[in-house]
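Chemist: The structure is given below, and queries will be raised subsequently.
The values are calculated or read from the model by the stated rules, or taken from the named source; none is laboratory data. Note that the structure is predicted; figures quoted are calculated from it, not measured. All Cβ positions, glycine included, derive from the backbone under ideal geometry; neighbour counts span all protein chains shown. Areas reflect the complete protein model, heavy atoms only, side chains present, ligands, DNA and RNA absent. Shrake-Rupley method; radii C 1.70, N 1.55, O 1.52, S 1.80 Å.
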Amino acid sequence: MSTCRYRRLVPFGLGLLALLSNVARAASGVPSDWGINIQPPVTPIAQDIMHLHMMVFYICVGIFVVVAGFMFYSIIFHRKSRGYRPATFHESTTVEIIWTIIPFVILIAMAIPATSTLLKIVNTRPGTQLLVKVTGYQWKWRYSYPKQHIAFFSSLSTPLAQIDDKAPKNPHFLLQVNHPLVLPVNEKVRFLITSNDVIHGWWVPALGIQDDAIPGFIHEGWATILKPGVYRGQCAQLCGAGHGFMPIVVKAVPQAQFVSWVKKEQAGEQIASANSAAATSKVWTKAALMTKGKQVFQTSCSVCHQASGQGVPGMFPPISAGHPFNAAPTLTAKLARRGFYKGGKIVEGPVAKHIDIVLNGISGTPMPAWGPQLSNAAIAAVITYERNAFGNHTGDIVQPSQIQAAR
Amino acid sequence: MSTATTAAHGHDSHEDHPTGLKRWIFTTNHKDIGTLYLCFSLLMFFVGGGFAMAIRAELYKPDMRFFSPEVFNQLLTEHGLIMIFGAIMPGLVGFANWMIPLMIGAPDMALPRLNNWSFWILPFGFALLIGSLFAPGGGPAGGWTLYPPLSIQGGIGTDMAILGLQILGVSSILGAINIVVTVLNMRAPGMTLMKMPMFVWTWLITAYLLIAVMPVLAGALTMLMTDRHFGTHFFNPAGGGDPVLYQHVFWFFGHPEVYIMILPAFGLISEIIPTFSRKPLFGYTSMVYATMSIAFLSFIVWGHHMFTSGMFPTSDLFFMYSTMLIAVPTGVKVFNWTATMWRGALSFETPMLFAIAFLVLFTIGGLSGVMLAMWPSDQQYHNTYFVVAHFHYVLFGGSVMAMMGAMYYWLPKWTGHMYNETLGKWHFWLTTIFFNVTFFPQHFLGLAGMPRRIPDYALQFAGWNQVSSLGAFGLGASQLLMVYILVQTIRGGAKAPAKVWEDAHGLEWTLPSPPPYHSFATPPKIT
């Protein structure tokens, strides 16, 4: 135990020292314990940013030391209690001109490298070899490679139990996803970043990229990753309840490995679409739907409706029928119109409307359209689950073919 | 004839001095209204501080423990709005109300009834803003900036907050007009503009900023409201609108707003430092011009809040250069204060301690501001805890510390009693130490990669978050001591002389402590 305590104290004490000597001891691509500086850069942009950051930091420390030096000299030596007699001067044009010009010159010295780095960062197009489209969703990312015909969602894979402190935490707690973005090293990758709903921020510190994902805008960025590895980042712009739970994981691999990943992914998509067609035409048992439904509910629905299905009072309606729900009339009216709300309580509405809500969302509320995001089987399963769990006993079974028909 | 009417009217209002609750509701006296503003600010400081304690409690460990993420977002939104619009702005207006007439030798504010109204609409605004938390669906959860489309998703609580903010905006505009009219018309004969105390100067400039930008906020909020309820699409891309437009409009208000919160604090510090240095303020004229330049620059730097919004590179460059330029006049101010202390005969009563802490902490916040101004490195700082640390250094270490110092500076003048110096020093040291324990580690968290406004975080951030939370609890608890000192001083204590501090200059010190209810009925002579 005691060694453990010491191990924690050492970096604590050496913290500032490490910052000053710019020792980047962090494991690559993740924040480090008691980390105090920007994560080690792995792209030319991130390296330039790091240099600029350290240069400006040292200049600022220098200025602070000089200003605080004068201040504390005065505090120590020009004290009334030491019998110091006050001077009477109250202006000096020369001095004032000097301390207007010196900061100006320092600023110009900082502006020059800043400008050249800025121009490098915004120079997204020349030499692009791979194009990746990044779309923010509440609360996950969708990556697509238009030329390779690959597209997938990437969402948090940390189990709820760890977030609720009911299970020991993975070292990559909240920084792990089900499907990372895979990129080749030493290739200029151009990102086209946008959003499907609210503003998100696509930020991967090791890559030196932070670009807001704004609906209706395409924001361009680029990276040439110099070192294979796994680089983790997070959504940087407040985007609602799940803002802290939509990490970014970038896996940089050598060129050959990337090519084989693309092939596997393309084949996988074909298999998946074949599987999905097969899954749609197949008749599922209730038990199978319930098992899959629970899993879908936990990954896609529980952020708002909670794992307990009780929702959040006033905000996210419960799934369990008979549960009172007191919310803004604009929201309850939308639920009532679909047959899911009566007399201040959530009620079990018709199956067709349930399918409509999950497929198309409810506009003007945070309920998204899951149609483009989930397979027929997943939607059928989650609806079946919702209608037979949390104290609901409709006994309804929804088959994937019904979803296909409703699309 | 006219003299007779004025005299009769004046006589009338002097007689009319209700007591009890009525005194406070109907008062048109600048001292009473100043007291109301300051008490209100203190109350909001504790409400907003309560939210801060809740936020730091949730962030003490990497778990979801006390609040759901949605409630957490409401807490951080309310914390920001209340501290800005409830604690800092009314606090500074309170100082203006109390001190500007005393400093310029005026009998009262120029528009006393307007003054009453601009205070008394505040409680209604805050009833809406705080009451929104109890609305179905809870309060606003999109951060104090209320960026659409996220803020379009909120429930009725968001509408309540928007209406509350509109009311606060009206209050600020009225208060600002009153200050401008008072300063320009009510100065004692002989007090030229360039003889005004620095606090009056900074408030005059701030008042112009308020008049210029509060209507812009009103416009942004109105567009948000019509987008939410009346089918407009100002900010909705699906209807041809533009979410980034909101950011431009909001920050055109929002950046001058930052200076609205710091310029009067500069004024307060410029009063305190010369007194305890026993030496006149260094470079008065350049201080005035530096304040004006900062105010001007504040209108052309708003884009640095949008360095990750994907503006044109030319805009990014423009905003980077203009933002860096602010360092020049701000530097002039810091150097002037240091030069005022240089070769003075310093003594370290509580107000001076707070002023020195202001100098050091504001300089740290200013320098991290220079770092943030660099567009390329800002790509790594934007939306992180580095920003949170930066603006707490300038707003808490800056504005709030300046107000605390000014409170101790003028408390004997206001109440006629000396405060307890030992306890005052305790309050200072506890506040300063815990402030740094709370906010310094947040620089590290931001650089290491922790985004702001998240309710839960990766394990690697656990260490510094724990330190920061412990500091925050200490910082919050230390403020109870301030309330104790305040109550103690109001209720009694050693009698304060007219000139409380040995080397204080200014008209307020020519009046007895406490000053009579109506002071400077005949203007003083300025020599």
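Chemist: Can you tell me the dipole magnitude for segment B:32-96 around its Cα centre, using point charges on the Cβ only (Lys, Arg +1; Asp, Glu -1), in Debye to the nearest 20?
Modeler: Details: 3 positive and 5 negative charges, 35 e Å.
So the magnitude is around 180 debye.
Chemist: Output wanted: per-residue J couplings in Hz (rounded whole) for segment A:150-164, from phi through Karplus 6.51 cos²θ - 1.76 cosθ + 1.60, θ = phi - 60°, x for Gly and Pro.
Modeler: 10, 8, 7, 8, 10, 10, 3, 10, 5, x, 3, 4, 6, 5, 8
Chemist: Rounded, prolate or oblate: which one fits segment A:89-196, using the alpha carbon gyration tensor with axes a ≥ b ≥ c (rounded when a/c is under 1.5, else prolate when a/b beats b/c, else oblate)?
Modeler: Values: a/c = 3.93, a/b = 1.77, b/c = 2.22.
The shape class here is oblate.
Chemist: Just to confirm my numbers, what's the Cα centroid distance between segment A:314-386 and segment A:205-263 in Å?
Modeler: Their Cα centres are 32 Å away from one another.
Chemist: Could you tell me which trypsin sites (Lys or Arg not before Pro) in segment B:420-527 are loop residues by DSSP with no more than 14 other beta carbons within 10 angstrom of their beta carbon? Mind showing how you got there, number by number?
Modeler: Working: sites: B:LYS425, B:ARG452, B:ARG453, B:ARG491, B:LYS495, B:LYS499, B:LYS525; in loops: B:ARG452, B:ARG453, B:LYS499, B:LYS525.
The qualifying sites are B:LYS525.
Chemist: So if each residue of separation counts as 0.36 nm, and I subtract the Cα-Cα distance between A:HIS149 and A:THR94, what length gain in nm does that give? Each step should come with its number before you reach the end.
Modeler: Values: separation 55, 0.36 × 55 = 19.80 nm, distance 6.74 nm.
13.1 nm is the gain from fully extending A:HIS149 to A:THR94.
Chemist: How much accessible area is lost when chains B and A come together, counting both sides, with a 1.4 Å probe, in Å² rounded to the nearest 100?
Modeler: Details: alone 21120 and 22760 Å², together 35190 Å².
For chain B against chain A, roughly 8700 Å² becomes buried.
Chemist: Also, I was wondering about something else. Whose amide H sits under 5 Å from the amide H of B:LEU346, counting only residues 5 or more places off or on another chain, with H placed in the peptide plane?
Modeler: Under 5 Å from the amide H of B:LEU346 lie the amide H atoms of A:ARG79, A:LYS80, each far enough along the sequence or on another chain.
Chemist: Using amide H atoms built in the peptide plane, which far-off residues or other-chain residues are under 5 Å from B:ALA496 H to H?
Modeler: Under 5 Å from the amide H of B:ALA496: B:HIS417, B:MET418.
Chemist: What angle, in degrees between 0 and 90 and rounded to the nearest 10, separates the Cα long axis of helix B:401-415 from the longest principal axis of the Cα atoms of chain B?
Modeler: It works out to around 30 degrees.
Chemist: Using only Cα atoms, find the angle between the long axis of helix A:286-296 and the longest principal axis of chain A, and express it within 0 to 90 degrees, rounded to the nearest 10.
Modeler: The answer is roughly 10 degrees.
Chemist: Using a Förster distance of 45 angstrom, determine the FRET efficiency expected from the C-beta separation of A:ASP165 and A:SER281, and round it to 0.05. Don't skip to the end; give the middle numbers.
Modeler: Numbers: r = 43 Å, r/R0 = 0.95.
Plugging the Cβ-Cβ distance into 1/(1 + (r/R0)^6) gives 0.55.
Chemist: Using only helices, what value at 222 nm comes out for chain A when you add -39,500 (n - 2.57) per DSSP H run of length 4 or more and divide by the total residues, to the nearest 500 deg cm²/dmol? Let's see the in-between values first.
Modeler: Numbers: 11 runs with 168 residues, N = 407.
Using -39500 (n - 2.57) per qualifying helix, the result is -13500 deg cm²/dmol.
Chemist: If you don't mind, another one. Classify segment A:182-320 from the C-alpha gyration tensor, please: rounded if a/c falls under 1.5, else prolate or oblate depending on whether a/b exceeds b/c.
Modeler: Note, shape of segment A:182-320 comes out oblate.
Chemist: Next up: Hey, what's chain B come to in accessible area per residue, 1.4 Å probe, Å²?
Modeler: Numbers: 16750 Å² over 527 residues.
In whole numbers, chain B has 32 Å² accessible per residue.
Chemist: Kindly sort A:ARG142, B:ARG65 by accessible area of their heavy atoms, largest first, with the probe set to 1.4 Å. Please report the intermediate quantities before stating the final value.
Modeler: On the way: A:ARG142 70, B:ARG65 110 Å².
Descending order: B:ARG65, A:ARG142.
Chemist: Pop a pseudo-label 7 angstrom from the Cα along the beta-carbon direction at both A:ALA87 and A:THR128 and give the gap in nm to one decimal.
Modeler: Calculated label separation equals 6.0 nm.
Chemist: So between B:LEU43 and B:GLN488, what do we pick up on full extension, going 0.36 nm a residue minus the alpha carbon distance?
Modeler: Numbers: separation 445, 0.36 × 445 = 160.20 nm, distance 1.72 nm.
Length gained, B:LEU43 through B:GLN488: 158.5 nm.
Chemist: Please report the relative contact order for chain A, taking Cα pairs under 8 Å with a sequence separation of at least 6, and give it as a percent rounded to a whole number.
Modeler: On the way: 655 pairs, mean separation 49.9, N = 407.
It rounds to 12 percent for chain A.
Chemist: Report the gain in length on full extension from A:MET55 to A:SER308: 0.36 nm times residue separation, minus Cα-Cα distance, nm rounded to one decimal. Intermediate results must be reported in sequence, preceding the final value.
Modeler: Details: separation 253, 0.36 × 253 = 91.08 nm, distance 5.12 nm.
Value of the extension gain: 86.0 nm.
Chemist: Right, here's the next one. Express in Å², to the nearest 10, the accessible area of B:VAL400 obtained by rolling a 1.4 Å probe over the protein heavy atoms while all chains stay in place.
Modeler: Roll a 1.4 Å probe over it and B:VAL400 shows about 20 Å².
Chemist: Right, here's the next one. Name the residues of segment A:138-167 whose amide N is less than 20 Å from a point 7 angstrom out from the Cα of A:LYS294 along the C-beta direction?
Modeler: What the label zone holds, given the 20 Å backbone N cut-off, is A:157-167.
Chemist: Please check segment B:330-353 for residues whose accessible area, probe 1.4 Å, is lower by 20 Å² or more when all protein chains are in place than in their chain alone.
Modeler: The answer is B:VAL332, B:PHE335, B:THR338, B:MET341, B:TRP342, B:ARG343, B:GLY344, B:ALA345, B:LEU346, B:PHE348 - residues whose exposure falls by at least 20 Å² when every protein chain is included.
Chemist: Given a Förster distance of 45 Å, report the FRET efficiency between A:ARG79 and B:TYR208 from their Cβ-Cβ distance, rounded to the nearest 0.05. Don't jump to the answer; show the numbers that get you there.
Modeler: Values: r = 39 Å, r/R0 = 0.87.
The pair A:ARG79/B:TYR208 has a calculated efficiency of 0.70.
Chemist: I'd like the carbon and sulfur percentage of the solvent accessible area for chain A, probe radius 1.4 Å, heavy atoms only, ligands and nucleic acids excluded.
Modeler: Numbers: 11360 of 18440 Å².
Roughly 62 percent, rounded to a whole number.
Chemist: Could you size up the charge dipole of chain B around its Cα centre, putting +1 on the beta carbon of Lys and Arg and -1 on that of Asp and Glu, and report it in debye to the nearest 20? All intermediate terms of the calculation are to be shown ahead of the outcome.
Modeler: Numbers: 22 positive and 22 negative charges, 204 e Å.
Taking the Cα centre of chain B as origin, the dipole is about 980 debye.
Chemist: Output ³J(HN,Hα) for segment B:368-379: one whole-Hz value per residue in order, computed from phi by the Karplus curve 6.51 cos²θ - 1.76 cosθ + 1.60 with θ = phi - 60°, and x for Gly and Pro.
Modeler: Computed from phi, the couplings for segment B:368-379 are 5, x, 5, 4, 5, 5, 6, 3, x, 6, 4, 4 Hz.
Chemist: Among the aspartates and glutamates, which fall within straight-line cross-link reach of B:LYS22, defined as a Cα-Cα distance under 19 Å, with same-chain neighbours fewer than 8 residues apart omitted?
Modeler: Cα-Cα hits under 19 Å: B:ASP12, B:ASP32.
Chemist: Further question on the same structure: What Kirkwood Rh does the protein assembly as shown have if only Cα atoms enter the pairwise 1/r average? Answer in Å. Display every interim value, and only then the final one.
Modeler: Numbers: mean 1/r = 0.0335 Å⁻¹.
Hydrodynamic radius (Kirkwood, Cα only) of the protein assembly as shown equals 29.8 Å.
Chemist: Points 7 angstrom from Cα along the Cβ direction at B:PHE230 and B:ILE121: gap in nanometres?
Modeler: Those two pseudo-labels are separated by 1.8 nm.
Chemist: Under the rule of at least 5 residues apart or a separate chain, name every residue whose amide H is placed under 5 Å from the amide H of B:ILE454.
Modeler: Correct list: empty.
Chemist: I'd like the chymotrypsin sites (Phe, Trp or Tyr not before Pro) in segment B:493-527 restricted to DSSP loop residues with at most 15 other Cβ atoms within 10 Å, sorted by number. Working shown, then result.
Modeler: Details: sites: B:TRP501, B:TRP509, B:TYR517, B:PHE520; in loops: B:TRP501, B:TYR517, B:PHE520.
Listed in order of number, the matching sites are B:TYR517.
Chemist: Hey, what do the phi angles of segment B:209-225 turn into as Karplus ³J(HN,Hα) couplings, whole Hz, using 6.51/-1.76/1.60 and θ = phi - 60°, x for Gly and Pro?
Modeler: Per-residue couplings from phi come out as 4, 4, 5, 6, 10, 4, x, 5, 4, 4, x, 4, 5, 5, 4, 4, 5 Hz.
Chemist: Let me ask something else about it. Give the cross-link partners of A:LYS251 among the lysines, using a straight C-alpha distance below 25 Å as the criterion and excluding same-chain residues fewer than 8 apart.
Modeler: Cross-link targets: A:LYS120, A:LYS133, A:LYS140, A:LYS147, A:LYS169, A:LYS188, A:LYS227, A:LYS263, A:LYS264.
Chemist: Roughly to the nearest percent, how much of the accessible area of chain B is carbon and sulfur, given a 1.4 Å probe?
Modeler: 72 percent
Chemist: Let me ask something additional. Report the calculated FRET efficiency for A:ARG337 and B:ALA498 (r = Cβ-Cβ distance, R0 = 51 Å), to the nearest 0.05. Each step should come with its number before you reach the end.
Modeler: Values: r = 72 Å, r/R0 = 1.41.
Here the calculated transfer efficiency is 0.10.
Chemist: If one takes the longest principal axis of the Cα atoms in chain B, at what angle in degrees, from 0 to 90 and to the nearest 10, does the Cα axis of helix B:2-15 lie?
Modeler: Roughly 70 degrees, rounded to the nearest 10.
Chemist: Another one. Averaged over A:80-92, how many beta carbons belonging to a partner chain fall within 10 Å of each residue's beta carbon?
Modeler: 6
Chemist: What chymotrypsin sites (Phe, Trp or Tyr not before Pro) does segment B:389-430 have in DSSP loop regions with at most 16 other beta carbons within 10 Å? Please list the in-between numbers first.
Modeler: Working: sites: B:PHE391, B:TYR393, B:PHE396, B:TYR408, B:TYR409, B:TRP410, B:TRP414, B:TYR419, B:TRP426, B:PHE428, B:TRP429; in loops: B:TYR419.
The qualifying sites: there are none.
Chemist: Determine the calculated [θ] at 222 nm for chain B from helices alone, applying -39500 (n - 2.57) to every DSSP H run no shorter than 4 residues and normalising by the residue count; nearest 500 deg cm²/dmol.
Modeler: Working: 20 runs with 355 residues, N = 527.
After summing the helix terms and dividing by residue count, I get -23000 deg cm²/dmol.
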